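Remarks on the structure that follows.
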Amino acid sequence: MLKRLCKTFICLLALSALGTALAEEPIVIKFSHVVGEQTPKGQGALMFKKLVEERLPGRVKVEVYPNSTLYGDDKEMEALLLGDVQIIARSLAKFEQYTKTVQLFDLPFLFDDIGAVDRFQQGPEGQKLLKSMESKNITGLAYWHNGMKQLSANRPLRKPEDARGLNFRIQTSAVLEEQFNAVGAKAQPMIFSVVYQALRTGVVNGTENPYSNFYDQKLNEVQKYVTETNHGILDYMLITTSDFWNGLPPDIRTELEKIVVEATAHANNEALRLNQKDRQLVLDAKSTEIIELTPEERNAWRDQMKPVWAKFEQVIGPELIKAAQASNTGQ
Ligand code: LMR
(Lines give C-alpha, C1' and ligand atoms only; values in the text may rest on other atoms or scores of the structure.)
Protein backbone atom coordinates (compact mmCIF):
# COMPACT_ATOMS: atom_id res chain seq x y z
CA MET A 1 0.00 0.00 0.00
CA LEU A 2 2.74 2.39 1.09
CA LYS A 3 4.71 1.47 -2.05
CA ARG A 4 1.70 2.25 -4.24
CA LEU A 5 1.18 5.59 -2.56
CA CYS A 6 4.85 6.46 -3.07
CA LYS A 7 4.65 5.58 -6.75
CA THR A 8 1.55 7.76 -7.21
CA PHE A 9 3.28 10.61 -5.38
CA ILE A 10 6.40 10.33 -7.57
CA CYS A 11 4.21 10.22 -10.66
CA LEU A 12 2.36 13.37 -9.56
CA LEU A 13 5.65 15.12 -8.88
CA ALA A 14 6.96 14.18 -12.31
CA LEU A 15 3.76 15.36 -13.98
CA SER A 16 3.82 18.67 -12.14
CA ALA A 17 7.50 19.18 -13.05
CA LEU A 18 6.65 18.48 -16.69
CA GLY A 19 3.71 20.90 -16.48
CA THR A 20 5.95 23.64 -15.08
CA ALA A 21 8.57 23.00 -17.75
CA LEU A 22 5.93 23.20 -20.46
CA ALA A 23 4.41 26.34 -18.98
CA GLU A 24 7.83 27.95 -18.96
CA GLU A 25 8.63 27.26 -22.61
CA PRO A 26 9.20 30.69 -24.15
CA ILE A 27 6.95 31.93 -26.91
CA VAL A 28 9.01 31.83 -30.11
CA ILE A 29 8.68 34.65 -32.64
CA LYS A 30 10.24 33.79 -35.98
CA PHE A 31 10.95 36.98 -37.93
CA SER A 32 11.75 36.23 -41.54
CA HIS A 33 12.89 38.75 -44.12
CA VAL A 34 14.54 38.96 -47.51
CA VAL A 35 17.28 41.60 -47.19
CA GLY A 36 20.69 41.63 -45.55
CA GLU A 37 21.36 42.52 -41.92
CA GLN A 38 23.08 45.80 -42.85
CA THR A 39 19.83 47.29 -44.13
CA PRO A 40 17.13 49.30 -42.34
CA LYS A 41 14.89 46.25 -42.09
CA GLY A 42 17.78 44.00 -41.07
CA GLN A 43 18.76 46.43 -38.31
CA GLY A 44 15.15 46.92 -37.17
CA ALA A 45 14.67 43.15 -36.87
CA LEU A 46 17.86 42.77 -34.81
CA MET A 47 16.83 45.63 -32.52
CA PHE A 48 13.43 44.00 -32.02
CA LYS A 49 15.17 40.76 -31.03
CA LYS A 50 17.59 42.53 -28.67
CA LEU A 51 14.84 44.46 -26.86
CA VAL A 52 12.59 41.42 -26.54
CA GLU A 53 15.38 39.37 -25.05
CA GLU A 54 16.31 42.14 -22.61
CA ARG A 55 12.76 42.83 -21.47
CA LEU A 56 11.04 39.47 -21.73
CA PRO A 57 13.86 37.05 -20.92
CA GLY A 58 12.77 33.42 -20.86
CA ARG A 59 9.24 34.40 -21.84
CA VAL A 60 9.71 35.32 -25.51
CA LYS A 61 12.47 34.28 -27.86
CA VAL A 62 13.02 35.91 -31.25
CA GLU A 63 14.68 34.16 -34.17
CA VAL A 64 15.60 36.41 -37.09
CA TYR A 65 16.08 34.87 -40.53
CA PRO A 66 17.50 37.47 -42.98
CA ASN A 67 18.28 37.26 -46.70
CA SER A 68 15.42 34.91 -47.70
CA THR A 69 17.16 32.12 -45.73
CA LEU A 70 13.85 30.84 -44.39
CA TYR A 71 11.29 32.18 -46.88
CA GLY A 72 11.55 34.35 -49.99
CA ASP A 73 9.09 37.17 -50.64
CA ASP A 74 6.92 34.77 -52.67
CA LYS A 75 6.41 32.47 -49.65
CA GLU A 76 6.65 34.69 -46.58
CA MET A 77 2.97 35.68 -46.54
CA GLU A 78 1.79 32.10 -46.77
CA ALA A 79 4.26 31.14 -44.03
CA LEU A 80 2.92 33.92 -41.80
CA LEU A 81 -0.70 32.92 -42.33
CA LEU A 82 0.12 29.26 -41.66
CA GLY A 83 1.86 30.22 -38.41
CA ASP A 84 5.30 29.08 -39.59
CA VAL A 85 6.65 32.59 -38.90
CA GLN A 86 5.11 35.18 -36.60
CA ILE A 87 6.41 38.51 -37.92
CA ILE A 88 7.48 39.80 -41.31
CA ALA A 89 8.19 43.32 -42.61
CA ARG A 90 6.81 43.19 -46.12
CA SER A 91 7.29 45.84 -48.75
CA LEU A 92 4.15 47.94 -49.18
CA ALA A 93 4.30 47.06 -52.88
CA LYS A 94 3.48 43.44 -52.12
CA PHE A 95 0.02 43.62 -50.56
CA GLU A 96 -2.26 43.97 -53.58
CA GLN A 97 -3.53 40.42 -53.19
CA TYR A 98 -4.78 41.31 -49.70
CA THR A 99 -5.89 44.92 -50.05
CA LYS A 100 -6.01 47.37 -52.92
CA THR A 101 -5.72 50.46 -50.74
CA VAL A 102 -2.07 49.87 -49.85
CA GLN A 103 -1.31 50.19 -53.60
CA LEU A 104 -1.39 53.89 -52.80
CA PHE A 105 2.24 53.78 -51.73
CA ASP A 106 3.38 52.66 -55.19
CA LEU A 107 1.92 55.63 -57.07
CA PRO A 108 4.89 57.34 -58.74
CA PHE A 109 5.75 60.86 -57.57
CA LEU A 110 3.12 60.80 -54.81
CA PHE A 111 5.40 61.73 -51.92
CA ASP A 112 8.07 64.43 -52.13
CA ASP A 113 10.31 62.76 -49.60
CA ILE A 114 10.43 60.36 -46.65
CA GLY A 115 9.28 63.16 -44.32
CA ALA A 116 6.01 63.33 -46.24
CA VAL A 117 5.69 59.54 -46.23
CA ASP A 118 6.17 59.56 -42.48
CA ARG A 119 3.56 62.27 -41.87
CA PHE A 120 1.03 60.33 -43.91
CA GLN A 121 1.80 57.00 -42.24
CA GLN A 122 1.51 58.48 -38.75
CA GLY A 123 -1.70 60.35 -39.60
CA PRO A 124 -5.21 58.88 -39.25
CA GLU A 125 -5.46 57.47 -42.80
CA GLY A 126 -2.05 55.83 -42.62
CA GLN A 127 -2.88 54.28 -39.26
CA LYS A 128 -6.20 53.02 -40.61
CA LEU A 129 -4.37 51.15 -43.38
CA LEU A 130 -2.49 49.16 -40.73
CA LYS A 131 -5.84 47.65 -39.79
CA SER A 132 -7.18 47.26 -43.34
CA MET A 133 -6.40 43.53 -43.56
CA GLU A 134 -7.79 42.39 -40.20
CA SER A 135 -10.53 40.40 -41.96
CA LYS A 136 -7.74 38.38 -43.59
CA ASN A 137 -6.10 37.73 -40.20
CA ILE A 138 -3.32 40.26 -40.92
CA THR A 139 -2.49 42.92 -38.32
CA GLY A 140 -0.22 45.82 -39.20
CA LEU A 141 1.98 46.71 -36.22
CA ALA A 142 3.96 49.60 -37.71
CA TYR A 143 5.49 51.09 -40.83
CA TRP A 144 9.22 50.81 -41.32
CA HIS A 145 11.03 53.04 -43.77
CA ASN A 146 13.56 52.04 -46.31
CA GLY A 147 13.76 54.97 -48.68
CA MET A 148 13.11 56.72 -51.95
CA LYS A 149 13.64 54.58 -55.05
CA GLN A 150 16.13 55.28 -57.81
CA LEU A 151 16.16 53.81 -61.30
CA SER A 152 19.11 51.81 -62.55
CA ALA A 153 20.16 50.34 -65.88
CA ASN A 154 23.17 49.70 -68.04
CA ARG A 155 22.47 52.73 -70.15
CA PRO A 156 22.20 56.27 -68.80
CA LEU A 157 18.57 57.15 -68.11
CA ARG A 158 18.28 60.89 -68.23
CA LYS A 159 15.03 61.29 -70.13
CA PRO A 160 12.00 58.97 -69.93
CA GLU A 161 12.63 58.03 -73.61
CA ASP A 162 15.92 56.50 -72.53
CA ALA A 163 13.99 53.73 -70.78
CA ARG A 164 12.05 52.78 -73.89
CA GLY A 165 12.32 49.08 -74.75
CA LEU A 166 14.14 48.12 -71.55
CA ASN A 167 12.88 45.36 -69.30
CA PHE A 168 12.76 46.37 -65.62
CA ARG A 169 12.54 44.02 -62.66
CA ILE A 170 9.66 45.02 -60.41
CA GLN A 171 8.14 43.83 -57.16
CA THR A 172 4.78 42.15 -57.80
CA SER A 173 2.66 45.26 -58.19
CA ALA A 174 0.22 46.30 -60.90
CA VAL A 175 1.01 49.97 -60.22
CA LEU A 176 4.73 49.44 -60.77
CA GLU A 177 4.02 47.55 -63.97
CA GLU A 178 1.99 50.47 -65.30
CA GLN A 179 4.65 52.92 -64.14
CA PHE A 180 7.24 51.31 -66.43
CA ASN A 181 4.78 50.81 -69.27
CA ALA A 182 4.13 54.55 -69.08
CA VAL A 183 7.70 55.23 -70.21
CA GLY A 184 7.56 52.62 -72.97
CA ALA A 185 9.42 49.96 -70.97
CA LYS A 186 8.49 46.42 -69.97
CA ALA A 187 8.22 45.27 -66.39
CA GLN A 188 8.87 41.83 -65.02
CA PRO A 189 7.81 40.88 -61.49
CA MET A 190 10.49 38.83 -59.79
CA ILE A 191 11.37 37.80 -56.25
CA PHE A 192 14.09 39.81 -54.59
CA SER A 193 16.64 37.03 -54.12
CA VAL A 194 17.11 36.47 -57.87
CA VAL A 195 17.47 40.09 -58.99
CA TYR A 196 21.28 40.13 -59.07
CA GLN A 197 21.41 37.04 -61.30
CA ALA A 198 18.61 38.29 -63.52
CA LEU A 199 20.51 41.53 -64.11
CA ARG A 200 23.83 39.77 -64.55
CA THR A 201 22.49 37.38 -67.16
CA GLY A 202 20.41 40.02 -68.94
CA VAL A 203 17.00 38.48 -68.16
CA VAL A 204 16.14 42.05 -67.14
CA ASN A 205 18.06 45.22 -67.95
CA GLY A 206 17.15 47.56 -65.15
CA THR A 207 15.39 47.95 -61.84
CA GLU A 208 14.38 50.40 -59.08
CA ASN A 209 15.61 50.42 -55.49
CA PRO A 210 16.56 52.63 -52.59
CA TYR A 211 20.36 52.84 -52.33
CA SER A 212 20.31 50.53 -49.33
CA ASN A 213 18.86 47.55 -51.23
CA PHE A 214 20.90 48.40 -54.33
CA TYR A 215 24.17 48.22 -52.43
CA ASP A 216 23.10 45.36 -50.12
CA GLN A 217 22.49 43.16 -53.16
CA LYS A 218 25.71 44.35 -54.87
CA LEU A 219 23.70 45.57 -57.83
CA ASN A 220 26.47 48.09 -58.52
CA GLU A 221 28.35 45.12 -59.98
CA VAL A 222 25.68 44.61 -62.62
CA GLN A 223 24.24 48.10 -63.21
CA LYS A 224 26.37 50.84 -64.74
CA TYR A 225 24.03 53.76 -64.04
CA VAL A 226 21.73 54.90 -61.27
CA THR A 227 19.44 57.81 -62.03
CA GLU A 228 18.47 59.73 -58.93
CA THR A 229 14.78 60.07 -59.67
CA ASN A 230 13.36 59.66 -56.14
CA HIS A 231 10.22 58.70 -58.05
CA GLY A 232 8.65 56.46 -55.43
CA ILE A 233 9.17 54.83 -52.07
CA LEU A 234 10.05 51.43 -50.75
CA ASP A 235 8.72 51.09 -47.22
CA TYR A 236 7.45 48.19 -45.16
CA MET A 237 4.52 47.16 -43.05
CA LEU A 238 5.54 45.16 -40.02
CA ILE A 239 2.84 42.52 -39.79
CA THR A 240 1.74 39.57 -37.74
CA THR A 241 -1.45 37.53 -37.71
CA SER A 242 -4.37 38.81 -35.66
CA ASP A 243 -4.72 35.28 -34.20
CA PHE A 244 -1.15 35.24 -32.92
CA TRP A 245 -1.18 38.80 -31.62
CA ASN A 246 -4.55 38.60 -29.89
CA GLY A 247 -3.69 35.19 -28.45
CA LEU A 248 -0.64 36.52 -26.57
CA PRO A 249 -0.86 36.97 -22.79
CA PRO A 250 -1.90 40.63 -22.35
CA ASP A 251 1.20 41.66 -20.37
CA ILE A 252 3.48 40.22 -23.07
CA ARG A 253 1.50 41.88 -25.85
CA THR A 254 1.70 45.25 -24.08
CA GLU A 255 5.47 44.95 -23.69
CA LEU A 256 5.84 43.86 -27.33
CA GLU A 257 3.83 46.88 -28.46
CA LYS A 258 6.29 49.16 -26.66
CA ILE A 259 9.22 47.30 -28.17
CA VAL A 260 7.73 47.64 -31.67
CA VAL A 261 7.66 51.43 -31.17
CA GLU A 262 11.34 51.47 -30.20
CA ALA A 263 12.45 49.06 -32.92
CA THR A 264 10.52 51.17 -35.44
CA ALA A 265 12.35 54.34 -34.37
CA HIS A 266 15.65 52.52 -34.70
CA ALA A 267 14.82 51.07 -38.15
CA ASN A 268 13.73 54.51 -39.35
CA ASN A 269 16.89 56.24 -38.15
CA GLU A 270 18.92 53.53 -39.75
CA ALA A 271 16.99 53.98 -42.99
CA LEU A 272 18.19 57.56 -43.33
CA ARG A 273 21.74 56.76 -42.27
CA LEU A 274 22.17 53.60 -44.37
CA ASN A 275 20.73 55.07 -47.55
CA GLN A 276 23.18 57.97 -47.35
CA LYS A 277 26.06 55.67 -46.47
CA ASP A 278 25.24 53.18 -49.24
CA ARG A 279 24.96 55.97 -51.81
CA GLN A 280 28.51 56.93 -50.90
CA LEU A 281 29.63 53.30 -51.07
CA VAL A 282 28.16 53.02 -54.56
CA LEU A 283 30.17 56.09 -55.55
CA ASP A 284 33.32 54.72 -53.90
CA ALA A 285 32.98 51.39 -55.72
CA LYS A 286 33.26 53.36 -58.99
CA SER A 287 31.44 50.71 -61.01
CA THR A 288 28.22 52.72 -61.22
CA GLU A 289 27.73 56.32 -62.23
CA ILE A 290 25.09 58.27 -60.34
CA ILE A 291 23.13 60.62 -62.60
CA GLU A 292 21.61 63.59 -60.80
CA LEU A 293 18.67 65.17 -62.59
CA THR A 294 17.86 68.85 -62.91
CA PRO A 295 14.35 69.79 -61.67
CA GLU A 296 13.22 70.02 -65.33
CA GLU A 297 14.59 66.58 -66.14
CA ARG A 298 12.88 65.10 -63.09
CA ASN A 299 9.62 66.79 -64.07
CA ALA A 300 9.76 65.03 -67.44
CA TRP A 301 9.75 61.63 -65.64
CA ARG A 302 6.93 62.81 -63.41
CA ASP A 303 4.83 63.96 -66.37
CA GLN A 304 5.23 60.59 -68.07
CA MET A 305 4.56 58.46 -65.01
CA LYS A 306 1.88 60.40 -63.18
CA PRO A 307 -0.99 59.52 -65.56
CA VAL A 308 -0.76 56.03 -64.01
CA TRP A 309 -2.63 57.43 -60.99
CA ALA A 310 -5.87 57.70 -62.98
CA LYS A 311 -5.90 53.93 -63.58
CA PHE A 312 -5.83 53.16 -59.85
CA GLU A 313 -7.69 56.12 -58.42
CA GLN A 314 -11.00 54.32 -58.00
CA VAL A 315 -9.62 51.16 -56.39
CA ILE A 316 -7.33 53.04 -54.03
CA GLY A 317 -9.81 55.81 -53.30
CA PRO A 318 -9.50 59.46 -54.39
CA GLU A 319 -9.78 60.68 -50.77
CA LEU A 320 -6.89 58.54 -49.66
CA ILE A 321 -4.75 59.84 -52.50
CA LYS A 322 -5.65 63.42 -51.53
CA ALA A 323 -4.69 62.76 -47.91
CA ALA A 324 -1.34 61.39 -49.03
CA GLN A 325 -0.72 64.39 -51.25
CA ALA A 326 -1.56 66.73 -48.38
CA SER A 327 1.33 65.27 -46.38
CA ASN A 328 3.73 66.92 -48.83
CA THR A 329 2.90 70.31 -47.43
CA GLY A 330 2.30 69.37 -43.82
CA GLN A 331 5.65 70.62 -42.49
C1 LMR B 1 12.12 44.16 -53.28
O2 LMR B 1 11.59 43.09 -53.59
O3 LMR B 1 12.77 44.86 -54.06
C4 LMR B 1 11.98 44.64 -51.85
O5 LMR B 1 10.66 44.49 -51.47
C6 LMR B 1 12.86 43.86 -50.93
C7 LMR B 1 12.75 44.35 -49.53
O8 LMR B 1 12.11 43.69 -48.72
O9 LMR B 1 13.31 45.42 -49.26
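The values are calculated or read from the model by the stated rules, or taken from the named source; none is laboratory data. Keep in mind the model is a prediction, meaning the values are calculated, not measured. So basically every Cβ, Gly included, is an ideal-geometry build from the backbone, and we count neighbours across all protein chains shown. Keep in mind that these areas ignore ligands, DNA and RNA; they rest on the heavy atoms of the full protein, side chains included. Shrake-Rupley method; radii C 1.70, N 1.55, O 1.52, S 1.80 Å.
Just to verify a number: what accessible area does Tyr143 come out at with the full protein assembly present, 1.4 Å probe, Å² rounded to tens?
10 Å²
Under the rule of -39500 (n - 2.57) per DSSP H run of 4 or more residues, summed and divided by the residues of the chain, what mean residue ellipticity at 222 nm is obtained, to the nearest 500 deg cm²/dmol?
Details: 13 runs with 151 residues, N = 331.
After summing the helix terms and dividing by residue count, I get -14000 deg cm²/dmol.
Tell me, what is the per residue accessible area of the chain in Å², probe radius 1.4 Å? It would help to have the intermediate numbers written out before the result.
Details: 15200 Å² over 331 residues.
Result: 46 Å² per residue.
Report, ordered by chain and residue number, the lysines lying within cross-link reach of Lys136, taken as a straight Cα distance under 17 Å and ignoring same-chain residues fewer than 8 apart.
Excluding near neighbours in sequence, the set is Lys75, Lys94, Lys100, Lys128.
Run the accessible area of the stretch 191-260 with a 1.4 Å probe and give the carbon-and-sulfur part as a rounded percent. It would help to have the intermediate numbers written out before the result.
Details: 1190 of 2450 Å².
That fraction is 49 percent.
Which percent, nearest 5, of DSSP beta bridges in the chain are antiparallel?
Working: 20 of 37 bridges.
Close to 55 percent.
Give the long-range amide H neighbours of Thr229: residues separated by 5 or more places, or on another chain, with amide H under 5 Å away, using H modelled in the peptide plane at 1.01 Å from N.
Leu151
Amide H neighbours of Val62 under 5 Å, at least 5 residues apart or on other chains, H built in the peptide plane: list them.
Ile29
For the stretch 34-193, just the Cα set please: Rg and Dmax, both in angstrom.
17.5, 58
Mean Kyte-Doolittle of at least 0.5 and a Cα length of 18 Å or more along the axis: which whole DSSP H helices of the chain meet both? Please report the intermediate quantities before stating the final value.
Details: long enough: 2-24 (33 Å, 1.20); 40-55 (22 Å, -0.67); 250-285 (49 Å, -0.55).
Result, helices passing both filters: 2-24.
Cα convex hull of the chain: mean projected area in nm², to one decimal?
Working: hull surface 79.7 nm².
It is 19.9 nm².
Going toward the positive end of the dipole of the stretch 22-329, with +1 on Lys and Arg Cβ and -1 on Asp and Glu Cβ, which of Leu110, Ala89, Ala271 do you reach last?
Going by the Cα projections, it comes out as Leu110.
Please give the residues of the stretch 139-164, grouped as numeric ranges, whose backbone N is less than 17 Å from a label point set 7 Å along the Cα-to-Cβ vector of Asn269.
Answer for the stretch 139-164: 144-146.
Given Cβ point charges of +1 (Lys, Arg) and -1 (Asp, Glu) and nothing else, what value in debye, to the nearest 20, does the dipole of the chain about its Cα centre take? Present the calculation step by step, with values, prior to reporting the outcome.
Details: 39 positive and 42 negative charges, 147 e Å.
Dipole magnitude for the chain comes out near 700 debye.
Against the empirical 2.2 N^0.38 Å scaling, what ratio does the C-alpha Rg of the stretch 33-94 come to? The partial results should precede the final answer.
Numbers: Rg = 12.0 Å, N = 62, 2.2 N^0.38 = 10.6 Å.
Normalised by 2.2 N^0.38 Å, the Cα Rg of the stretch 33-94 equals 1.13.
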